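> Quick one: structure below, then a few questions.
The values are calculated or read from the model by the stated rules, or taken from the named source; none is laboratory data. Because the structure is a prediction, the values reported are computed rather than measured. Note that each Cβ is placed from the backbone with ideal geometry, even for glycine, and that neighbours are counted across all protein chains shown.
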Amino acid sequence: LFENTIGHQNMWIAVRLRGDGDAINRDAIGARVTVRYADWVVAREVKSGRGTYNSHASRPLYFGLGDLGCDYEVEVRWPD
């Protein structure tokens, strides 16, 4: 159990990708999302699974932005 003692003032975004089912699988597995600020870059990749038996990764990709504001770019690289 984790408790957020800081509060909910920090910003975040969640990106959920969906492929067309033909050229790109519907769950967008293998797609990579990069969020860029002037001096900060973070990337996440949609994966099919991780960890132990009978577990899977969350499909939405979450990016904590803190107090950096909304001046960012989002790049999506599809697995095709």
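> Counting only residues that are of a type outside the set (G, A, S) and in contact with a Phe, Trp or Tyr (Cβ under 7 Å, 6 or more places away or on another chain), how many does region 18-43 have?
5
> Could you grab me the full set of residues in region 12-32 that are surrounded by 16 or more Cβ atoms within 10 Å (Cβ to Cβ) and farther than 12 Å from R59 by Cβ?
Matches in region 12-32: I24, G30, R32.
> Being among the small types (G, A, S), modelled with pLDDT under 90 and touching a Gly at 6+ places or on another chain (Cβ under 7 Å) is the requirement here; does S55 meet it?
yes
> Name every residue in region 59-80 that is part of a loop (DSSP other than H, G, I, E, B) and at negative phi, in order of residue number.
The answer is R59, P60, D67, L68, C70, D71, Y72, W78, P79, D80.
> On the given criteria, is V33 outside any loop (DSSP other than H, G, I, E, B), of a type in the set (V, I, T), under 12 Å from R77 (Cα atoms) and modelled with pLDDT of 85 or more?
yes
> Can you give me the number of residues within region 5-30 that are among the aliphatic types (A, V, I, L, M), assigned to a loop (DSSP other than H, G, I, E, B) and either out of contact with any Asp or Glu (no Cβ under 7 Å at 6 or more places or on another chain) or at pLDDT 90 or above (or both)?
4
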